[in-house]
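The values are calculated or read from the model by the stated rules, or taken from the named source; none is laboratory data. Keep in mind the model is a prediction, meaning the values are calculated, not measured. Reconstructed Cβ throughout: ideal geometry from the backbone, glycine too, with neighbour counts over all protein chains shown.
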Amino acid sequence: MTTSLKELLAQRAALEAQIADAQRTERADAIAKIRSLMAEYGLTMADVAGSARASGGRPGPRPGGTGKVAPKYRDEATGNTWSGRGLQPRWLREALATGRTIAEFEIR
């Protein structure tokens, strides 16, 4: 016997609802276990998150890079800047190709 598309879609929707319910239940159980362990051992969110102050150690590397760096070079005519990290920007490459020196763009 062949199952119609409509019936299969209804079955999928029912399964997706069951999956969502199971995920909510398991997540709630996990949270309850974590809260119980935190209470048992006197832990705080800072302890669990592993902050430097809570553990007494140095902080680790920040996710997503090291942050913004101050510009080291500036084109006074256009206001374009470059930190000196990574590839040279087009505006600087083009200016250097015309005979200018990188020292002319240094921010002092």
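Determine the pairs where a residue that is closer than 15 Å to residue 72 by Cα, located within the stretch 88-99, has a partner that is assigned to a loop (DSSP other than H, G, I, E, B) and among the β-branched types (Val, Ile, Thr) with Cβ atoms under 8 Å apart, the partner being 6 or more residues away or on another chain.
91/78
For residue 78, all conditions in the list (1) among the hydroxyl-bearing types (Ser, Thr, Tyr); (2) over 30 Å from residue 102 (Cα atoms); (3) modelled with pLDDT under 95 hold save one; what is the number of the exception?
(2)
Given (1) over 30 Å from residue 88 (Cα atoms); (2) at pLDDT below 90; (3) of a type in the set (Ser, Thr, Tyr), identify the lone condition not met by residue 66.
Result: residue 66 passes all but (1).
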